[in-house]
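First comes the structure, then the notes that go with it.
The values are calculated or read from the model by the stated rules, or taken from the named source; none is laboratory data. Please read these numbers as outputs of a predicted model, since none were measured by experiment. Methodologically, a virtual Cβ is constructed for each residue, glycine included, from the backbone with ideal geometry; neighbour enumeration extends over all protein chains shown.
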Amino acid sequence: MEIKNVVFDFGGVLVDWNPRYLYKTIFKDTSEMEYFLANICTGEWNTMQDAGRSLAEGTELLQKQFPEYHSLIGDFYGGWEQMLNGEISENVALLPRLKKKYKLLGLTNWSAETFPVALQLFPFFGQFEGIVVSGTEKMIKPDKAFFHVLLRRYRIKAEHSLFIDDTLKNIDAAKAMGFHTIHFHDGVNLEEQCKKMGVL
């Protein structure tokens with residue numbers, strides 16, 4: 001089936017985001033930082049903000065639960081920009097080449113409050129014809145309903161679309177819907193994978 005659209009996840013694929021970039025400047029002990037990120041400001045907690053909960057509400061709930069970490073929890077979104085370590089340049093460099101042949105779209109798990117900051121910081125977002133943000137829609141990958149928002153809004157079909165994400169459960173959900181997929185992770189050369197699929 002002919003591919004007409006390329007759909008990108010952003011964090012971990014085009015943007016190097018990691019809370020450790022911030023917290024390694026705050027914690028002196030790496031093991032304490034890892035404990036904090038594994039047990040206090042967890043990925044699951046951050047996902048709730050990506051799914052539409054306000055940053056203020058998420059922060060306040062966690063500060064009440066762990067008052068001894070009140071300041072460090074406040075730093076998570078207070079210093080959020082420091083978690084961005086720039087674009088993943090070798091992948092961003094592929095966008096103009098792909099845009100010549102395909103509709104470029106984004107489907108991202110990202111807070112509605114922090115995504116506008118990223119839009120200002122990274123000019124490459126201007127190359128996308130459309131972007132669907134989980135925090136705005138109040139639904140999140142791998143929920144298939146979130147993928148359907150993208151399909152309906154931009155009048156595309158899964159079987160005509162290549163979906164690129166760094167999270168396996170999102171890739172599995174997309175595959176089940178008929179998307180062509182590339183699971184991007186350490187050790188994967190995205191340009192080579194795109195060439196193997198015939199899109200570059």
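Counting only strands (runs of 3 or more DSSP E) that fall entirely inside the stretch 1-99 and contain at least 1 residues that are of a type in the set (Gly, Ala, Ser) and farther than 27 Å from residue 157 by Cα, the qualifying elements are 84-87.
Every condition in (1) surrounded by fewer than 19 Cβ atoms within 10 Å (Cβ to Cβ); (2) of a type in the set (Val, Ile, Thr); (3) part of a loop (DSSP other than H, G, I, E, B) holds for residue 117 except the one numbered (3). Beta carbons closer than 7 Å, at least 6 apart along the sequence or on distinct chains, pair a first residue in the stretch 163-186 that is without any contact (Cβ under 8 Å) to a residue 60 or more places away in the chain with a second that is in a helix (DSSP H, G or I) and of a type in the set (Val, Ile, Thr) for 181/171; 183/171. Considering the conditions (1) more than 18 Å from residue 79 (Cβ to Cβ); (2) more than 15 Å from the chain's Cα centre (by Cα); (3) at pLDDT 95 or above, residue 47 is excluded by exactly one of them, (2).
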